[in-house]
1. Based on alpha-carbon centroids, what's the gap between the stretch B:102-170 and the stretch A:258-279 in Å, whole number please?
2. Compute the distance in nm between two label points, each set 7 Å from the Cα along the Cα-to-Cβ direction, one at A:Arg228 and one at B:Phe208.
3. If you place +1 on the Cβ of every Lys and Arg and -1 on the Cβ of every Asp and Glu, how big does the dipole about the Cα centre of the protein assembly as shown come out, in debye to the nearest 20?
4. Using θ = phi - 60° and the Karplus relation 6.51 cos²θ - 1.76 cosθ + 1.60, list the HN-Hα couplings for the stretch A:125-136 in order, rounded to whole Hz, with x at every Gly or Pro.
5. At A:Glu125, label 7 Å along Cα→Cβ: distances to the other copies, nm, ascending?
6. Compute the relative contact order of the stretch A:1-149 as a whole-number percentage, counting only Cα pairs closer than 8 Å that sit 6 or more residues apart in sequence.
7. Distances in nm, one decimal, shortest first, from A:Asn213 to the same residue in every other copy, taking the label point 7 angstrom along Cα→Cβ.
8. Between A:Met232, A:Met157, A:Met242, find the one with the highest GNM mean-square fluctuation for chain A; connect C-alpha pairs within less than 10 Å.
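Every number in this text was worked out from the coordinates using simple rules, so none of it is lab data. Since the model is a prediction, treat every value here as computed from it, not as a measurement. Please note: Cβ atoms are built from the backbone with ideal geometry, for glycine as well, and neighbour counts cover all protein chains shown.
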There are 2 protein chains.
Amino acid sequence: MRKPKKLLNDPNNVRQEVMQGLFYAYNGKLTTIDEYCAVYGNHISSDQVVVVSGGGSGHEPTFAGFIGKGGIDGCALGEVFTSPSPDQIIELTKSIEKGKGVLFLYGNYSGDGMNFDISAEILAEENIVTKTIKGTDDIASAPLSRISDRRGVAGIMFLYKIAGAAAQFEKYDLEKLYQVVSKANANVRTIGVALDGCALPQSNNFNFELDENEIEIGIGIHGEAGLRRQKMASSDEVVKEMIDHLCDDLPYVKGDQVCVLINNLGSLSNTELLVATRKVGIELNARGIISHDIVVGHYCTSLEMSGFSISLMKLDDELKHLYDLPCQTFGWRK
Amino acid sequence: MRKPKKLLNDPNNVRQEVMQGLFYAYNGKLTTIDEYCAVYGNHISSDQVVVVSGGGSGHEPTFAGFIGKGGIDGCALGEVFTSPSPDQIIELTKSIEKGKGVLFLYGNYSGDGMNFDISAEILAEENIVTKTIKGTDDIASAPLSRISDRRGVAGIMFLYKIAGAAAQFEKYDLEKLYQVVSKANANVRTIGVALDGCALPQSNNFNFELDENEIEIGIGIHGEAGLRRQKMASSDEVVKEMIDHLCDDLPYVKGDQVCVLINNLGSLSNTELLVATRKVGIELNARGIISHDIVVGHYCTSLEMSGFSISLMKLDDELKHLYDLPCQTFGWRK
């Protein structure tokens, strides 16, 4: 069996070293607390609701890489594919909240949900008001009838963008912020495919493996099982099916505007990603769906998983305005 | 033997489909000519020298992904790891030059050099003036005494940045542009390492393979042999050696300012890249070298090669001013 090959130091220090790397990559624009396990941006103003996220490491630049002007305000980072602890979330939130309330915004996973909920309860006792939105964009993870059970994947980036713009630039209050980010969440859909799995640093065993001639449609970002495994198909066939699924789940009419995210899950070549991008363009054009903006690259990865995802966010005037505001973060600049 | 696994259509159409993907990713900001094998930006003004690049596909977002405001003006794209033809280069150049001269700027490879030189001769007959700069940043490809023989790798991105800013925003004339980009080239150094090779789409065989416990120090972006192969080491050991090589080749004194590019060659996880980034920061700090800016991610890839490179550009006031001007391209936004 093939063994994964990684360039690391002590695999037990991955979270901390990733955070230190990110700190250096931000070149002085982050403040770290709690021994590099939570960070926040130096852009936060005193009259804004703060947006706090968190999640496991291994998805870089998600989650902490979207801190900054026009992005999220702070992030608690867990061990690889593991939720951050309530201690981290609470310390972070108390360090940055400005008395205007806090939006917790993270992907829908049970560990994260539990730890953010505990944090919210404890913070409430200190009169810090929080509201919570969980990203639920992965259409392969549960049927539409149970949409709130769906997992959060790459589409969280669109939610960060909308939340950051609304909180920082337009000074939405907590209730209004909650409403607009909920709307964005309801308008975002993602589907991913994988050609091969990834290995957690500590075990260094693949989380799943596919045969030489196999592809998995609907993969989750921790290797959660998708819709099915099938014989390898052409890029065009795979992309067409992905767009079909996305447009079945949230139907579009001709002239609808969307933002498009074509996200590399890790080790797929950018060459293959651009070949897929071509077909996304063809399929959206064929349906009369207008791309307001397109983002292609590594945004929400899964260590070295080979595969990619497509996310669409349907726009209305409010979302479009917020999306078009500037964004200066490590993982996304606009 | 392990077989590469790729998500493509006809492997003979990779160049064309990558270009079409890029065209879609630019969402209307590119004009294509010559059946998607050359493109230029819609930002070009009539009073500027134009900067034209070219090279093989397979390195996305290099080269064509750096077209745009504050980047290069046009690019001719060859088949995977293959030079574009003189026909492409000539047609592109004639489509965009404004009578102020043309800077050819590309990586130092014999095929590219031959085809750009032929193009320059033919264009000269039509009174189109060109000057040529070849990126020569790969310190592992030839000794310092033969610096002009060195290959061009990820450091070309810094040259694009400087050239684009000088030509578009500061309206440097051709001679002044040539001088400043030559200076930038003389100030850029890169070294790469690989954990594993990549496979060309048409043959689908790895260009090189490393043993389970092997790493190659000084790799080229087409898999050209580096300084040596050795037993796998820790990330910290590898990065320290890379920084040592860079600082031996172009010595620094305390207080020198640099731009830093930590470039993923393809399939290394961003998690590992950030662990390496941490040590780059530690090593530069230890030498008193000041990071003016740091860029981390996929900029000049080698299909799905596993590895990364570090590039440093030493700054003076002119380079710093040009570097700090805006950049709005597919592959790099600032």
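1. Using only Cα atoms to place each centre, the spacing works out to 29 Å.
2. About 4.3 nm, to one decimal.
3. The calculated dipole for the protein assembly as shown is roughly 620 debye.
4. For the stretch A:125-136, the Karplus curve yields 5, 9, 6, 9, 8, 10, 10, 10, 10, 9, x, 9 Hz.
5. Ordered by increasing distance: 8.5 nm.
6. 19
7. Output for A:Asn213: 3.5 nm, nearest copy listed first.
8. A:Met232
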